[in-house]
Amino acid sequence: MSLVANQSRLRIMILAYSISPVRGSEYSVGWNHVTQMSKFCDLTVIYGLAGDHMGDIEEIENYLQKNGEISNVRFIAIRPSLIARLLNSPNRKGFLVYSFYLAYKVWHRQAARKAQSLLASESFDLVHYLCPIGYREPGFLWQFDIPYVWGPIGGMVPTRSLNGAPRSTISIWKTRLKNLTNAIQLRLSRRVPKAIARADKLVAATSDNAEIIKARFGRDPQVLPENAIPNDWIQHEFKGGQTTVGSCVRLIWIGSLDARKSPDLLIDALKRVSASNWHIDLIGDGSLRSTLVTMIAAAGLGDKVTLTGLIPRSEVKKLMKGADLHIITSMNEANPTVLWEAMASGVPTISLEHCGMRDTICGSCGVLIPMSDYQETCDLIASEIDRFVNDSKILANKKSGVLSCAETHLWSNRANTWLKIYNEAIESHLSNKTRA
């Protein structure tokens with residue numbers, strides 16, 4: 001097993017369970033990292049999901065058949081064993097969804113066996129456990145004697161809630177149970193602290209996850225969002241002139257219509273907006289859709305709010321590029337892909353002040369809303385929307401600032417950061433072996 005820290009192109013094994021060229025969220029974390037870092041490194045990518053469920057890998061296969069192999073990238077699919085498929089069966093059918101984690105652990109053992117075989121027959125400089133970013137399943141690749149990077153890591157932060165939020169008893173207890181389970185896993189997991197201690201370089205997706213890692217495990221990870229902006233996403237034309245005094249200001253919200261994303265918070269805020277020259281597209285679907293339909297009708301916002309449902313990604317991008325203001329109301333996130341899409345399109349964002357949004361959004365590219373009680377938060381969101389709708393100069397200045405901020409989050413810059421992380425991990429591993 002050769003460890004060559006100063007070669008021109010590092011040979012890296014990446015574990016990216018979820019990866020797809022046509023999906024967002026965790027899938028895009030893997031895809032964007034691999035396609036961007038392949039410009040600088042030779043990558044072997046072990047994966048298991050490019051579709052809806054474990055073992056669905058057609059999206060990768062179809063892409064490669066249509067577009068050809070990606071230079072410097074070798075994809076290795078790990079298909080779930082019979083045991084993994086049986087364990088995941090309840091999850092596929094929509095009940096006992098936590099059975100997935102049992103199947104996922106089995107899948108990781110399969111991935112580790114494949115990795116061990118590759119390490120025995122080929123030379124690699126480093127292993128990187130990339131995604132999903134959740135900490136709960138650390139896998140087994142950290143057990144091998146090779147420089148090891150884990151991250152960006154997320155999922156450690158409890159889901160927030162606003163006092164006085166109109167949540168059902170079931171929803172409240174689901175959130176409490178999830179947070180309790182999360183706390184228990186952090187305390188009792190045997191492999192998580194071992195994997196964190198073993199990693200030559202740790203990366204946290206957000207500053208609040210980094211704080212938990214430092215407090216609980218004594219490691220000080222580098223903070224780096226799990227995704228970035230591909231250079232070809234950037235809309236270089238300045239959009240400030242598109243919003244003139246009196247014209248309709250286009251708002252946009254994207255996400256699952258569920259309690260975690262809190263679209264009902266947005267509707268309650270929109271009821272308080274005094275300006276009239278605005279319209280919003282709510283893109284997505286989920287369990288709160290019927291509730292939102294009722295809320296919109298009761299508030300008399302039928303001509304102001306469009307519930308698009310699930311629409312093709314190309315249409316989402318089109319609506320984003322035509323938008324003037326983007327809004328995030330999530331109670332728990334890492335760094336949502338829609339934030340990068342908004343920045344790339346020159347669209348400022350209003351968001352609650354927590355999670356990855358707190359790390360990324362600044363006064364130049366958006367507004368952070370302090371989290372207080374539900375009613376006050378609604379008032380603050382409404383006030384900011386009114387401010388942007390009523391003053392086209394403020395909106396134009398924010399749009400200009402967004403594109404400036406976006407430059408700092410381009411993948412062309414992020415790639416250099418990852419190369420530095422990789423080389424630091426290699427140096428740390430070699431140094432530790434020398435001291436041992």
Practice prompt. Restricting attention to segment 347-394, report how many residues are of a type in the set (V, I, T), under 23 Å from A205 (Cβ atoms) and buried (at least 23 other Cβ atoms within 10 Å of the Cβ).
Written response: 5
Discussion item. Criterion first (in the same structural domain as A425 (by TED's automatic domain parsing), loosely packed, with under 15 Cβ neighbours inside 10 Å and of a type in the set (D, E, K, R)) does E122 satisfy it?
Written reply: yes
Worksheet item: Of these, E333, E341, which one is at pLDDT below 95, part of a loop (DSSP other than H, G, I, E, B) and not hydrophobic (A, V, I, L, M, F, W, C)?
Response: E333
Fill in: Qualifying positions in segment 262-287 - closer than 15 Å to Y374 by Cβ and part of a loop (DSSP other than H, G, I, E, B)
S262, K271, R272
Practice prompt. Please enumerate the residues belonging to segment 395-412 that are out of contact with any helix residue (DSSP H, G or I) (no Cβ under 6 Å at 6 or more places or on another chain) and part of a helix (DSSP H, G or I).
Written response: N397, K398, G401, L403, S404, C405, E407, T408
Fill in: Which numbered condition I153 fails, given (1) in contact with a Cys (Cβ under 9 Å, 6 or more places away or on another chain); (2) at pLDDT 95 or above; (3) not aromatic (F, W, Y)
(1)
Practice prompt. Could you grab me the full set of residues in segment 27-70 that are part of a loop (DSSP other than H, G, I, E, B) and more than 23 Å from Q116 (Cβ to Cβ)?
Written response: S38, K39, F40, A50, G51, D52, H53, D56, G68, E69, I70
Item to complete: Of the numbered conditions (1) under 26 Å from V273 (Cβ atoms); (2) crowded, with 22+ Cβ neighbours inside 10 Å, A344 fails exactly one; give the number of that condition.
Response: (1)
Discussion item. Just checking, does segment 87-110 include any residue being polar (S, T, N, Q), outside any loop (DSSP other than H, G, I, E, B), under 26 Å from N209 (Cα atoms) and more than 26 Å from the chain's Cα centre (by Cα)?
Written reply: no
Discussion item. Taking the criterion of being of a type in the set (F, W, Y), at pLDDT 95 or above and within 30 Å of L430 (Cβ to Cβ), would at least one residue in segment 69-89 satisfy it?
Written reply: yes
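Here is a yes/no grid of residues against (1) hydrophobic (A, V, I, L, M, F, W, C); (2) modelled with pLDDT of 95 or more:
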{"residue": "W278", "(1), (2)": "yes, yes"}
{"residue": "I283", "(1), (2)": "yes, yes"}
{"residue": "S287", "(1), (2)": "no, no"}
{"residue": "L292", "(1), (2)": "yes, yes"}
{"residue": "A297", "(1), (2)": "yes, yes"}
{"residue": "T306", "(1), (2)": "no, yes"}
{"residue": "S314", "(1), (2)": "no, no"}
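The values are calculated or read from the model by the stated rules, or taken from the named source; none is laboratory data. All values derive from a computational prediction rather than experimental measurement. Cβ: placed from backbone, ideal geometry, glycine included. Neighbour counts: every protein chain shown.
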